[in-house]
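Below you'll find the structure, written out as structure tokens, and then a few comments.
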Amino acid sequence: MEIRPLTETERKYTYTQSTQIMGQTGCIGHLRGDFDRMGTGFFTTWNDHWKQYKTDEFKRELDDVINALRSEKYGLLQNRVAMRTYAGKYPESSYDETNVQFGFRVDTDTHSFLLRCKPAPGEYDFYCYCYVKEWLDGHIQNAEKGIRFIDSGYNELFCIADGEKIVITDSSGKTEECICRYIDEYHTQIGSEIYHICQFAEIMERGGCVYAAKENKKPKTGEEKEKETLIYHSEYTGDNDVRLDIQVYYNSERICIGLVTEEDGYPEPFADLTVCIDAPTPDYCGYLDTNNLPGAEKFVTENGLGKFTGLTAGSGYCEYPLYLFDAEKLRKLCPEQMADYERAIGVTKKEPEKERSR
């Protein structure tokens, strides 16, 4: 059994894809698991994608792989602390600079197991997507050709890498960003729809729309990162330089805010500021995880991140305060992540009205 960090390309296949892509890659299904609140349990659920590939051989291999990763020899799936320790040995396994998600690939002779690990209480700790090895590698190799965009006359306009975005501008000037996935040389998935590249060009031209590759932004400088840094005071570790990590909870459109710090030049997860519980949660609001982060309310208040709504909600034996976050403040600290969150909840920021001349 071989285990190694995922390549950047392979990370895309640790999420549920369209039926077309899952069929082309031979995606059998995925296993979802967590270590419970204490970080030492082991609870899993299985989801089928293409059941016809779920052979007896595959079932035996899946059991062997998971049991091996739970053993002391590997430790990746032993418990939450062991997962963090294992991932920490391979900085290249981190999905991005926040260093909160890590990816690994395990290969057998006929199957590949791609793991996305996120050792954080309150969320699932790992997802294991299972593939027919030959089909997955074949699709990845073909996708390296990139995605071509043409006009209705078959003239090539530009080419992007699999998983990159295009920006569509309609006749009124409204823009929309769409992730594009490689299907084959003449077909691509744009957003949730699959098009022949010529069909897409004709639809755009009929609607008076134009489209272009989205420009990738440059990495942030050290000075920019410093502006995003806040101080979290702990009675155990003193003052800690932290930055916000804003996401959306996987099972809802609620805001998820974590804290990350840096160790030896690498971002490390510090704590979860919010917790996802079964209680009404308006947009821009979140329940602070005061159970695991005692100074959460003080941190939010002192840094002007939000205000207490006066409401609380219980889960288990804990009572959590509901805070309304300052959207403008969060946009300044995490502009790209807030833009993603606001798109998820269907909010479009309005341009400030110009003062009328007298």
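The numbers here are math on the coordinates, done by the rules we state, and not lab data. Here the structure is a predicted model, which means the values were calculated and not measured. Note: ideal-geometry Cβ built from the backbone for every residue, glycine included; neighbour counts use all protein chains shown.
Enumerate the aspartates and glutamates that Lys12 could reach by cross-link, defined here as Cα to Cα under 16 Å, with residues fewer than 8 away along the same chain left out.
Glu92, Asp96, Asp137, Glu144, Asp162, Glu164
Find the relative contact order for the range 1-95 and round it to a whole percent, using C-alpha pairs within less than 8 Å whose residues are 6+ positions apart.
This gives 24 percent for the range 1-95.
Averaging sequence separations of C-alpha pairs under 8 Å and six or more residues apart, then dividing by the length of the chain, give the relative contact order as a whole percent.
11 percent.
Pick out, in residue order, every one of the trypsin sites (Lys or Arg not before Pro) in the range 20-99 that is DSSP loop and has at most 10 other C-beta atoms within 10 Å; say none if there are none.
Lys73, Lys89
Give me D for the range 1-96 in µm² s⁻¹, whole number, from Stokes-Einstein with Rh from the Kirkwood sum over alpha-carbon pairs, 20 °C and 1.002 mPa s.
Stokes-Einstein gives a translational diffusion coefficient of 143 µm²/s.
My understanding is that a pair violates if its Cα-Cα distance is over 28 Å; which of Lys51/Lys73; Lys89/Lys133; Lys145/Lys332; Lys214/Lys298; Lys89/Lys329 do that in this structure?
Where the Cα-Cα span goes over 28 Å, the pairs concerned are Lys51/Lys73; Lys145/Lys332; Lys214/Lys298; Lys89/Lys329.
Starting from the amide H of Asp162, placed 1.01 Å from N in the peptide plane, find each other amide H under 5 Å away whose residue is 5 or more places distant or on another chain.
Gly146, Ile147
Just to confirm my numbers, what's the Cα centroid distance between the range 126-183 and the range 1-64 in Å?
Using only Cα atoms to place each centre, the spacing works out to 23 Å.
From the backbone phi of the range 3-8, what are the Karplus-calculated ³J(HN,Hα) couplings (6.51 cos²θ - 1.76 cosθ + 1.60, θ = phi - 60°) in whole Hz, Gly and Pro given as x?
Each residue of the range 3-8 in turn: 10, 8, x, 5, 6, 4 Hz.
Could you give the size of the charge dipole of the range 1-142 about its Cα centre, using +1 on the Cβ of each K and R and -1 on the Cβ of each D and E, expressed in debye and rounded to the nearest 20?
Dipole size: approximately 320 debye.
For the range 107-196, what relative contact order do you get, as a whole percent, if you take Cα pairs closer than 8 Å and at least 6 residues apart?
It rounds to 17 percent for the range 107-196.
Which shape class, rounded, prolate or oblate, goes with the range 222-344 when its Cα gyration tensor gives a ≥ b ≥ c as root eigenvalues, a/c under 1.5 marks rounded, and past that a/b bigger than b/c marks prolate?
oblate
Please work out the Cα center distance from the range 295-342 to the range 81-99, rounded to the nearest Å.
Centre-to-centre (Cα) distance: 27 Å.
Can you report the principal axis dimensions of the range 56-175 using only the alpha carbons, biggest first, rounded to whole angstrom?
Largest first, the range 56-175 extends 59, 34, 22 Å along its Cα principal axes.
Output wanted: per-residue J couplings in Hz (rounded whole) for the range 320-333, from phi through Karplus 6.51 cos²θ - 1.76 cosθ + 1.60, θ = phi - 60°, x for Gly and Pro.
10, x, 8, 10, 9, 7, 7, 4, 5, 5, 5, 5, 5, 7
HN-Hα J couplings of the range 303-316 from phi, Karplus 6.51/-1.76/1.60, θ = phi - 60°, integer Hz, Gly and Pro as x?
Going residue by residue, I get 9, x, 7, x, 10, 5, 7, x, 10, 9, 8, x, 8, x Hz, with x marking Gly and Pro.
Hey, what number do you get for the chain at 222 nm if only DSSP H runs of n ≥ 4 count, each worth -39500 (n - 2.57), divided across all residues, to the nearest 500?
One gets -6500 deg cm²/dmol as the mean residue ellipticity at 222 nm.
Bins of 20 Å, beginning at zero and ending with the bin holding the largest distance: percent of Cα pairs per bin for the chain, please.
For the chain, the binned pair fractions read 25, 54, 20, 1 percent.
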